[in-house]
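A short write-up of the structure that comes next.
All of the numbers you see were taken from the coordinates with simple rules; none came from a lab. Since the structure is predicted, the reported quantities are computational estimates derived from the model, not experimental observations. Don't worry about glycine lacking a Cβ; one is built from the backbone with ideal geometry, like all the others, and counts go over all protein chains shown.
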Amino acid sequence: MKVVLDACVLYPTVLREILLKVAQAGLYQPVWSDRILEEWARATRKLGPGAETVVRGEIAVVRDTFPRAATPERPEIEARLLLPDPNDRHVLATAIASHADAILTFNAGDFPRHLLAEEGLARLDPDGFLRDLWLRQPEAVATAVDAVRREAERLSGESWPVRRLLKRAGLPRLGKALEQGM
């Protein structure tokens, strides 16, 4: 399954790390464009000086780890698309150009299901997407989440119960499923 990762799911660190670890486990193939990665980098500016520099290093690692994820810009596809927010057309164009199955985003209103369906695409929310992957491959998802949780604890110096960490990352259903399934 090919899934375009919108910038809004790349920006929160915990969510991004879980998504990428699950992709590394082979549960789906991530897709993005240079513009999506640039939006991720620009979003970090609000974290203060130096944050963008750090994320640009992370982007280099992500590009190296997933060399097949990058999809070239297709302005001719973007030009024919209509979405509620014209600034999101490039995300849909990336999905079409890469022959993706879905777009993963928190911005449901910006990607109406009926418009995506016309292009043979689905819109997925991160919590539902990861929970569905967990239902199919519980060990792989749990392993990815646990690795991210351990790293969050190492970096913050505090304990992070899975459910609390995932709720904070916008993944409450996955957190509940993992807590009950563990």
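Sorted from largest down, give the three principal axis spans of the alpha carbons of segment 18-86, whole angstrom values.
36, 34, 19
Ordered by residue, what ³J(HN,Hα) values in Hz, to whole numbers, does segment 8-19 give under the Karplus form 6.51 cos²θ - 1.76 cosθ + 1.60, where θ = phi - 60° and Gly and Pro are x?
My calculation for segment 8-19 gives 5, 9, 8, 5, x, 4, 4, 4, 4, 4, 5, 4 Hz in order.
Taking amide hydrogens as modeled 1.01 Å from N in the peptide plane, which residues meet the under 5 Å criterion relative to Ala122, leaving out close sequence neighbours?
Ala102, Ile103
Summing +1 for each Lys or Arg and -1 for each Asp or Glu, what net charge is found among the other residues whose Cβ lies under 15 Å from the Cβ of Asp85?
Details: positive: Arg35, Arg89, Arg123; negative: Asp6, Glu39, Glu78, Asp88, Asp110.
Here the count lands on -2.
Hey, got a sec? Which trypsin sites (Lys or Arg not before Pro) in segment 1-72 land in a DSSP loop and have at most 11 other Cβ atoms within 10 Å? Intermediate values should be presented prior to the final figure.
Values: sites: Lys2, Arg16, Lys21, Arg35, Arg42, Arg45, Lys46, Arg56, Arg63, Arg68; in loops: Arg68.
Answer in residue order: Arg68.
Against the longest alpha carbon principal axis of the chain, how many degrees, from 0 to 90 and to the nearest 10, is the axis of helix 138-156 turned?
Long axis of 138-156 versus the principal axis of the chain: about 70 degrees.
Order of Leu155, Leu130, Leu104 from fewest to most other C-beta atoms within 10 Å? It would help to have the intermediate numbers written out before the result.
Numbers: Leu155 10, Leu130 28, Leu104 25.
Ranked by crowding around the Cβ, least crowded first: Leu155, Leu104, Leu130.
What percent does the relative contact order of segment 2-125 come to when contacts are Cα pairs within less than 8 Å and at least six residues apart? Spell out each step's value before the answer.
Numbers: 172 pairs, mean separation 37.3, N = 124.
The normalised contact order for segment 2-125 reaches 30 percent.
Taking the Cβ of each residue in Phe111, Phe66 as the centre, tally the other Cβ atoms inside 10 Å and list the residues starting with the fewest.
Values: Phe111 23, Phe66 17.
The order, fewest Cβ neighbours first, is Phe66, Phe111.
Using the 10 angstrom Cβ neighbour count as an exposure proxy, how do Val55, Val61 rank, fewest first? Walk me through the numbers on the way to the answer.
Working: Val55 23, Val61 10.
Ascending number of Cβ neighbours within 10 Å: Val61, Val55.
Could you derive backbone 3J(HN,Hα) for segment 65-72 from the dihedral phi with the Karplus parameters 6.51, -1.76 and 1.60 (θ = phi - 60°), listing whole Hz in sequence and x where the residue is Gly or Pro?
5, 10, x, 7, 6, 6, 10, x
Using the Karplus curve 6.51 cos²θ - 1.76 cosθ + 1.60 with θ = phi - 60°, work out ³J(HN,Hα) for each residue of segment 175-181 in order, rounded to whole Hz, and write x for Gly and Pro.
Values per residue, Gly and Pro as x: x, 5, 4, 5, 5, 6, x Hz.
If you compute mean projected area of the Cα convex hull in nm² for the structure shown, which of (1) 12.0; (2) 10.4; (3) 9.6 do you land on?
(2)
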